[in-house]
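Chemist: Right, I'll just put the structure down here and ask away after.
None of the figures in this text is laboratory data; all of them are computed from the coordinates on show. Quick caveat, the model's predicted, so the values are computed rather than measured. Here Cβ is always computed from backbone atoms with ideal geometry, including for glycine, and neighbour counts include all displayed protein chains.
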Amino acid sequence: MTEFGLRLAISLTQIAAVMGVVVVTVLILTLAERKVLGWMQDRMGPMEVGPYGILQPFADAIKLFFKEDIIPAGANKFLFTVAPILCLIPAFIGFAVIPWGPNQTFEVDGITVRPFVISDINIGILYILAFASLGAYGIILGGWASNSKYSLLGGLRSAAQIISYELNVGLSIVGVLILAGSLSLVKITEAQTGGFWNWYLFALPAPQIFAFVVYVISSVAETNRVPFDLPEAESELVAGFFTEYSGLRFAFFFLAEYANMVLVSCVAAALFLGGWNAPYPGTIMALIGLPSVAWVENTMWFAVKTYSFLFLFFWLRATLPRLRYDQLMRFGWKVMLPIALGNIVVTSLAVFFYQQMK
Amino acid sequence: MASTATTKRVNLYEWFKTITFYEILVGMKATLSHLLHYRPVTLQYPHEKRTLPDNYRGMLALLRYDDGTEKCVGCDLCEAACPSRVIRVVSAEVPGEPTKRYSKEYYMDMTRCLFCGMCVDACPVDALGMTREFEWAVYDKRQLHLNKQQLLAIGDRSFPVREKRLELQHPNVAFFNVAFKHVPPKPD
């Protein structure tokens, strides 16, 4: 086997593994969301398919596969077909730079393999932000191509909302980037090794608590989740931009929304909560003499952080009503943006004086 | 001066509440407490059913006397009482008994019925009854257009204990047996 072939095979294996993990996570999320929402509202959630409804995601998937695929009259067929894919690809492509576990390498036939990150590019976080913004195209084009007023309004709202809150996400991350001095997610996570007091949420010289709050709120808004679900407000716009979609195309939009949630949670875990680092220095596995399986513990910590962030999404959804549109815009531009900007100023000053003191 | 100081302190307090998302946190605490003290109010309907109240107004049915004869005397009062024109009665003489009438045909369009029970109240011979059936979902709504045989069948399966035909009643007389319920029974 040539070197190129081997590299290709390794990369494809990694991509397949990551895609598998993300799709399984989405399957779990669709059930978990309905269950958690139900429990919080004194309901039971899905109970019929399988014991306690645990097979519900598969039933949903089968239903969506076999549903009739309708293209409404007067819709732009090409864009209507392309929009869900445009929405889905950016949601999945961001996972390429997420570090799932410790920065280990091993050699296969003279080729260095990093098992826990598909590609550690040096502009990782920028790449994620860029593709997350591209996802808005799918939503807007899907809304426009449907030839329906609800879809169009949902798409327009989504455009305005994503422009407003993408900015805040970007600016809230800048503080972390100043502290880490790198855009690579692997390097940022590595810089937070050794106990939760080194996570950028709490780390000296400039704890990124305000940035974290801004990031959480903006990422909820960016993924079109309650209480910022104006693009798909059921009571106002039927279903927003995917009103006219059915079957597999709807499944693509659905998958993209949940994959975006997972991506945003992974980024939050990696940037603010120390990624795969445990909240104590080192790992227990290394302490009891099994350093070769320490990656299991690290990966588990990453999963725990991601899933608790995802739980926060459900929790917010169960608690909060939807914002009005002007409130959304005012909150984004007049509250979140100044906080994020102020955080950048404070962080850069703190880092500057900290280095001067050293 | 003092008042402005208080308002300022109150405003500071409100401001502090706003920036710490106090109200939202209170709401999130409420939802979390419901999650932790999970007591669902859901009734898993097809598997477990709630007990119906005694005066439950379910599917309508036509009743019979204990000897199997229909109670209905074809008086059309139910048709007149029905607010949504569910019932249609075709009344006719009993063949060979010119003083006695019966409903030759009896139709109910249950798609329109609102289960008010006024037909049951109106019936002078208690020929109509409301059963405790409510699972009447059908794929074709024409299946909800019921005729006399179907209504009698519903009555047969829902009211196994039939009322006794009164002895006083001459077979040729349509005897209204409802109005005497308040009268104490004759001593034996």
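Chemist: Please tell me which of these pairs span more than 19 angstrom C-alpha to C-alpha: B:Lys71/B:Lys148; A:Lys35/B:Lys49; B:Lys71/B:Lys141?
Modeler: Numbers: B:Lys71/B:Lys148 12 Å; A:Lys35/B:Lys49 22 Å; B:Lys71/B:Lys141 28 Å.
Over 19 Å Cα-Cα: A:Lys35/B:Lys49; B:Lys71/B:Lys141.
Chemist: While we're looking at this one, here's another question. Name the lysines eligible as straight-distance cross-link partners of A:Lys77: C-alpha to C-alpha under 19 Å, and not fewer than 8 places from it in the same chain.
Modeler: Here the lysines satisfying the reach criterion relative to A:Lys77 are A:Lys67, A:Lys149.
Chemist: Please report the antiparallel percentage of DSSP beta bridges with both residues in the protein assembly as shown, rounded to the nearest 5.
Modeler: Values: 17 of 18 bridges.
Bridges in the protein assembly as shown are about 95 percent antiparallel.
Chemist: Using a/c under 1.5 as the rounded threshold, could you call the range A:1-110 rounded, prolate or oblate? The axes a ≥ b ≥ c are square roots of the C-alpha gyration tensor eigenvalues, and prolate needs a/b larger than b/c, oblate otherwise. Display every interim value, and only then the final one.
Modeler: Numbers: a/c = 2.59, a/b = 1.39, b/c = 1.87.
Judged from the Cα gyration tensor, the range A:1-110 comes out oblate (a/c at least 1.5, b/c at or above a/b).
Chemist: Ratio of Rg to Rh for the range A:145-271, alpha carbon only, Kirkwood?
Modeler: Values: Rg = 17.5 Å, Rh = 16.1 Å.
Ratio value, two decimals: 1.09.
Chemist: State the cysteines of the protein assembly as shown left without a partner when partners are defined as other cysteines whose beta carbon lies under 4.7 Å away.
Modeler: Lone cysteines by the Cβ rule: A:Cys87, A:Cys266, B:Cys72, B:Cys75, B:Cys82, B:Cys113, B:Cys116, B:Cys123.
Chemist: Next question. Provide the descending list of Cα extents for the protein assembly as shown along its principal axes, expressed in whole angstroms.
Modeler: 116, 85, 58
Chemist: Would you be so kind as to identify all helices of chain A, as entire DSSP H runs, whose Cα atoms reach 24 Å or more along the helix's own axis and whose mean Kyte-Doolittle hydropathy is at least -0.5? Could the numbers behind the result be given before it?
Modeler: On the way: long enough: A:3-40 (54 Å, 1.44); A:77-93 (25 Å, 2.11); A:124-145 (32 Å, 1.68); A:149-180 (46 Å, 1.13); A:247-271 (36 Å, 1.61); A:294-319 (38 Å, 0.72); A:337-357 (30 Å, 1.37).
Counting only whole DSSP H runs, the qualifying helices are A:3-40, A:77-93, A:124-145, A:149-180, A:247-271, A:294-319, A:337-357.
Chemist: Among all the lysines, which ones have a C-alpha under 17 Å from B:Lys29's C-alpha, if same-chain residues fewer than 8 places away are not counted?
Modeler: Output for B:Lys29: B:Lys17.
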